Amino acid sequence: MIKLVVGLGNPGKEYEKTRHNVCFMVIDELVRKLRIKNYSEEALSHVYRSRVGGRQVIFAKPQTYMNNSGLAVLNLLEENGIEPQEMLVVYDDLDLPLGMTRLRLEGSSGGHRGVESIIKSIGTEKFPRLKIGIGRPKRKEDVVSYVLSPFSKEEEEIARAVIKKAAECVLRSIELSPQDAMEFCNRRDTFM
């Protein structure tokens, strides 16, 4: 049962529309879609609370910067009495093509520093996660520059579509279960 959804990203206007912040955009889409008005700043995060599927769910955007996401996540879990397996972490993935989503029930960080920070802070890899593909740079540009840059004009339509799909994945994971949402979340879509 999912009680907490954490979208990873970086705080601040300069990062707002970057690839690395696609998961903040997913939380924003959920806030819009669910018409959430209940907002607070707590546990080093921007927090939104809503009833989904008949129960209270927390949607959070950590404000600790990506590489220190574990600090905010640990605070969110402890302050709300939530177990790691009751949390869904949403993050960007360079190894998935833009437009793909992949839901997993547990696993390693795969080199993602935000997820690495969470695993180190909470002491387990056993929590569901939804990866959103942002692809790798086509040219041999620096990966850091790539993830901290906005989507190109050609990519914007696919990015908007995958944000909507990811929001639907999150809702299905809450209303059904992550296991039951996997088929929908892991299918390859026509907008790619």
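Nothing in this text is a laboratory measurement; each read-out follows from the coordinates by a stated rule. These numbers were taken from a predicted model, which means no experiment stands behind them. Neighbour counts run over all protein chains shown; Cβ positions are idealised from the backbone, glycine included.
Quick notes on this one:
- The value of relative contact order for the chain, using C-alpha pairs under 8 Å at least six residues apart, is 27 percent.
- Residue order, fewest to most beta carbons within 10 Å, for 146, 91: 146, 91
- Note on residue 179/residue 143: beta-carbon distance plugged into 1/(1 + (r/R0)^6) with R0 of 41 Å gives a FRET efficiency of 0.80.
- Potential lengthening between residue 160 and residue 34 on full extension [0.36 nm per residue; Cα-Cα distance subtracted]: 43.6 nm
- Extent along principal axes [Cα atoms of the chain; Å; largest to smallest]: 45, 32, 32
- Cross-link pairs exceeding 27 Å in C-alpha to C-alpha distance, out of 120/164; 13/37; 131/153; 17/126; 3/138, comprise 120/164; 17/126; 3/138.
- Taking each DSSP H run with n ≥ 4 as -39500 (n - 2.57) and averaging over every residue of the chain yields -11500 deg cm²/dmol at 222 nm.
- Sites residue 49 and residue 188, calculated FRET efficiency, Cβ-Cβ separation with R0 35 Å, nearest 0.05: 0.55
- Cysteines in the chain lacking a second Cys C-beta under 4.7 Å: 23
- Sorted on the mean count of surrounding Cβ atoms within 10 Å across their residues, most packed first, peptides 175-181, 134-140, 111-117 read 111-117, 175-181, 134-140.
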